[in-house]
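A.B. asks: Please read through the structure below; I'll follow up with questions.
The values are calculated or read from the model by the stated rules, or taken from the named source; none is laboratory data. Predicted model only: the values in this text are computed from it and were never measured. Because the Cβ atoms are built from the backbone with ideal geometry, glycine has one as well, and the counts that use them run over all protein chains shown.
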Amino acid sequence: MDATQKLHFYQKGTFTVGNRLVSEEQRSVQASTDRSNALTCGHRACQGCGEALGARYAMDAAMRATGGNVIAVNATGCLEVFTTPYPETSWQTPWLHSLFGNAAAVATGVAAAMRVKGRHEVRALAQGGDGGTTDIGFGCLSGMFERNDDVLYICYDNEAYMNTGVQRSSATPPAARTATTPAMGPQPGNVFGTGKNVPKIAVAHGIPYVATATVADLHDLERKVIKAMGIHGARYLHIHVPCPLGWGAASHDTIRLARLAVECGLFPVFEAEHGVVTGCRKIRRQVPVEEYLRPQRRFAHLFTEAGKERIRHLQALADRNIAEYHLVDAEGDG
Amino acid sequence: MDHPYAITLDVGSSLANRTGSWRTERPVYVDRLPPCNNACPAGENIQKWLYHAESGDYETAWRTLTQDNPLPAVMGRVCYHPCEGACNRAQIDEAVGINSVERFLGDTAIRNGWTFAPPQTETGKRVLIVGAGPSGLSAAYQLRRRGHAIEIHEAGPFAGGMMRFGIPKYRLPRDVLDAEIKRITDLGVTLKLNSKVNRITDSMKAGKFDAAFLAVGAHIGKRAYIPAGSAAKILDAVSLLRSMEGEDRPLLGRRVVVYGGGNTAIDAARTAKRLGATEAIIVYRRTRDRMPAHDFEVEEALQEGIMMKWLSTIKRMDEGVLTVEKMQLDEKGFPQPTGEFETLETDSLVLALGQDVDLSLLDGVPGLQIKDGVVQVDTNMMTGHVGIFAGGDMVPSERTVTVAVGHGKKAARHIDAWLHGEAYIAPERHELASIDKMNSWYYADAPKTVRPMLEVVRRQSTFEEVQGGLDETNALYEARRCLSCGNCFECDNCYGVCPDNAVIKLGSGKRFRFNYDYCKGCGVCAQECPCGAIKMIPEEI
């Protein structure tokens, strides 16, 4: 490396996708003109779709890590519907879809088949939305975890069933308005105290690797996918992907919202190995939860006199995450 | 039909689905005007030369810089850097140290002996430039590069103007100034020293010049009437600073009072201190916050032990004693006399009350308009006399080296066009890249590099340069603090964040292109562009 690369301060390249000042190998997969574009143009996702973005980020990183030897199994959901309206496909990789709830089990089968055929270099990857993961596919997912099958399961969490018209899932946050949790009555929006935290449940299975990530931090996301592909056994990656349609947000705010979710503490970004949390991404510029909630119409009902208490409740949830994962420290995270 | 069971259609790619038709707004790449460039009186493309400096290509950075300003090593020392005052980074942490990087580039160029490319062609036109100060040198450089034959007539014994006779050595070492002037004369500019122009029209006729650019500066110190005893020693700051360039150093005595509140007053007091004055006192009729001098210069002077006497006017001077009247600011902020007097012991009084222009060379030239002691010029820098242009301190403007260099460049463009029988039309200004168009998230926190300063004891007794420069590592760091406001720096963000894979990366140095066949117009690229180089515009439907 020459003198210009030895510097640690890449003022413009620390958070951006690429950096013209470092060598190609040090840049992100997405900065490369050779990225596989596993999910290519012409897909029918809405404008500003976070899931389409997250899926390309994750798949391209997995392709880079395995030399292109990935077979993807997809649960039913937006990602499946918008990429494969018969007879077209947006996938530039082997890809299959079976049912809503069995992606983890099918991927287990793919891994087994490759093992039997002696194709050890080919890796199985299962993916789905939060509905297919935390609700409908949860039994198959837990089974894959406890058997420690050699599958990376990626959940693209947009916090509701968006494809079918924004119905609540067990990943929908408290107070969020969905088609099935309308903003009316004494407890408008999704009820506090419901839902489940699947990343934590995955950690509880003691599997080799669990991580959360967001589309707002590409470098972190790619690092985690590449790390996961270097491990055999059951692995789980939970990616937060804002949905402009379902959340009632502007299409250009997708990444901004993902960033604010992390910076306010509502979505903790961490990783765990064999049941133990090993690291977290510190909050860089902390914001109150209102900053994250306000641009989303699903939370519009909170910005009334009656909503103040519920905002405090959401802030308390964020504060609990901050304390639990040590998201803020005195020195910050330059 | 050899399709499998229940399959009737061939598998196709979604590439057949041109989702660009969904779009109601389209992203377009733009170049917005960085605030530093907007603020630079010399019209430097600061963002662009910092871009080259960032990758360690200092020569390209220097060549880009010197397109607009041939004196970077001088600038990096004496410019009051309005660019840094406008810098968007100041709203994130601290402004980029543009001035220190400029000095680094200027010094690197001198050290490596980089020279300017000679003109491609000779036009055969002759231009007379009167005055070898920053404005005249800048115009000479710009006109020579365009192929005109240039003669500079300088009244003084050395080139440099106020850069030599007004700015003390501890701010601008003379070897630096000499090196940058020599580089300009090496382009083939004829410099005639000790040749005062008595009447411009005669000199033009005698030398067969097609045009003239006047930049004689403002070298006459303003005097105020102060009743004084016969033994009182009173001199003006301009003469004091000029005499520092001669063999004999002026004798000021142990106690020196400087009267005035501008940068020249500060320079005079700091010079007096270095000449051995035990007390150097600045007397100013208003308060520090109303002083025209730059705050950092006042601060440096205070560090060196210069004393300040605010709200005071000098009423008379007798041998060794000054009578001073205390002032009071009225509600409009104007100083009003109080009738209270006090005395100050002093050996000499230096008046730093501003400067006037010696306009004698314009006597009898028809068409010229002179107002408030300066020559009036048109927007194209031409005086009322066709073919005679003027700039620098002798026209109405702020009197700084950088403004003067800017005048020289501007006048050169108009003179060049005029010599070709055309009119120079400035390119359209881009929209300002204000901070609200940027996404500051993507810039890492990086505090400004502090330049080393000479220790105070040596500053009080020697004329060594006060402020040090950067070395390569911290100059590079400082350059990389630039946000590249409004201009793509190829961070790949748009290429990465497009959910539709609709941005085409064209390769290093070639930036990007939108693939409007697939771009749905979501606007994520524009929102996440760090530097505000993407704009969403409504689609024609």
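A.B. asks: Of the residues B:K315, B:K273, only one is among the charged types (D, E, K, R), in the same structural domain as B:S239 (by TED's automatic domain parsing), in contact (Cβ under 8 Å) with a residue 60 or more places away in the chain and assigned to a strand (DSSP E or B); which?
C.D. replies: Criteria check complete, one pass: B:K315.
A.B. asks: Among the residues of the stretch B:455-466, is there at least one that is facing chain A (nearest Cβ under 8 Å) and under 25 Å from B:D107 (Cβ atoms)?
C.D. replies: Scanning the stretch B:455-466 turns up no residue that is facing chain A (nearest Cβ under 8 Å) and under 25 Å from B:D107 (Cβ atoms).
One line per residue, one yes/no per condition, for (1) among the aliphatic types (A, V, I, L, M); (2) under 28 Å from B:Q460 (Cβ atoms); (3) under 20 Å from the mean Cα position of the chain (by Cα):
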site: B:S135; (1), (2), (3): no, no, yes
site: B:A140; (1), (2), (3): yes, no, yes
site: B:R144; (1), (2), (3): no, no, no
site: B:A149; (1), (2), (3): yes, no, no
site: B:P157; (1), (2), (3): no, no, no
site: B:M163; (1), (2), (3): yes, yes, yes
site: B:G166; (1), (2), (3): no, yes, yes
site: B:K169; (1), (2), (3): no, yes, yes
site: B:L177; (1), (2), (3): yes, yes, yes
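A.B. asks: Could you please tell me which pairs satisfy a Cβ distance under 8 Å, a separation of 6+ or placement on different chains, a first residue in the stretch B:424-443 that is part of a loop (DSSP other than H, G, I, E, B), and a second residue that is surrounded by fewer than 16 Cβ atoms within 10 Å (Cβ to Cβ) and among the hydrophobic types (A, V, I, L, M, F, W, C)?
C.D. replies: Note: pairs meeting the criteria are B:Y424/B:A417.
A.B. asks: Identify the residue in the stretch B:489-513 that is over 22 Å from A:D253 (Cβ atoms) and more than 7 Å from every other protein chain (Cβ to nearest Cβ) and, among all such residues, is surrounded by the fewest Cβ atoms within 10 Å (Cβ to Cβ).
C.D. replies: Taking the candidates together, the pick is B:G509.
A.B. asks: Which is within 30 Å of B:P173 (Cβ to Cβ), surrounded by fewer than 18 Cβ atoms within 10 Å (Cβ to Cβ), modelled with pLDDT of 90 or more and not polar (S, T, N, Q), of B:R288, B:R270, B:R274, B:R255?
C.D. replies: After ruling out the rest, the residue left standing is B:R288.
A.B. asks: Any idea which of B:A280, B:A268, B:A293 is in a loop (DSSP other than H, G, I, E, B) and either in contact with an Asp or Glu (Cβ under 9 Å, 6 or more places away or on another chain) or farther than 18 Å from B:E455 by Cα (or both)?
C.D. replies: Being in a loop (DSSP other than H, G, I, E, B) and either in contact with an Asp or Glu (Cβ under 9 Å, 6 or more places away or on another chain) or farther than 18 Å from B:E455 by Cα (or both) holds for just one of B:A280, B:A268, B:A293, which is B:A293.
A.B. asks: Separate question: Do you know which residues across the stretch B:110-150 are of a type in the set (D, E, K, R), assigned by TED's automatic domain parsing to the domain that holds B:F209 and either under 23 Å from B:V176 (Cα atoms) or buried (at least 24 other Cβ atoms within 10 Å of the Cβ) (or both)?
C.D. replies: The answer is B:R144, B:R145.
A.B. asks: Are any residues in the stretch B:1-45 over 30 Å from B:A90 (Cα atoms), under 57 Å from the mean Cα position of the chain (by Cα) and assigned to a loop (DSSP other than H, G, I, E, B), and if so, which ones?
C.D. replies: B:N17, B:R18, B:R23, B:T24
A.B. asks: Quick one: in the stretch A:226-266, of everything that is assigned to a loop (DSSP other than H, G, I, E, B) and buried (at least 24 other Cβ atoms within 10 Å of the Cβ), which residue is farthest from the other protein chains (Cβ to nearest Cβ)?
C.D. replies: Among residues in the stretch A:226-266 that are assigned to a loop (DSSP other than H, G, I, E, B) and buried (at least 24 other Cβ atoms within 10 Å of the Cβ), the one farthest from the other protein chains (Cβ to nearest Cβ) is A:A234.
A.B. asks: Only residues that are more than 16 Å from B:K520 (Cα to Cα), among the hydrophobic types (A, V, I, L, M, F, W, C) and more than 7 Å from chain B (Cβ to nearest Cβ): list them for the stretch A:28-60, please.
C.D. replies: A:V29, A:A38, A:A55, A:A58, A:M59
A.B. asks: Looking at this structure, is B:L50 assigned to a loop (DSSP other than H, G, I, E, B), of a type outside the set (S, T, Y) and within 14 Å of chain A (Cβ to nearest Cβ)?
C.D. replies: no
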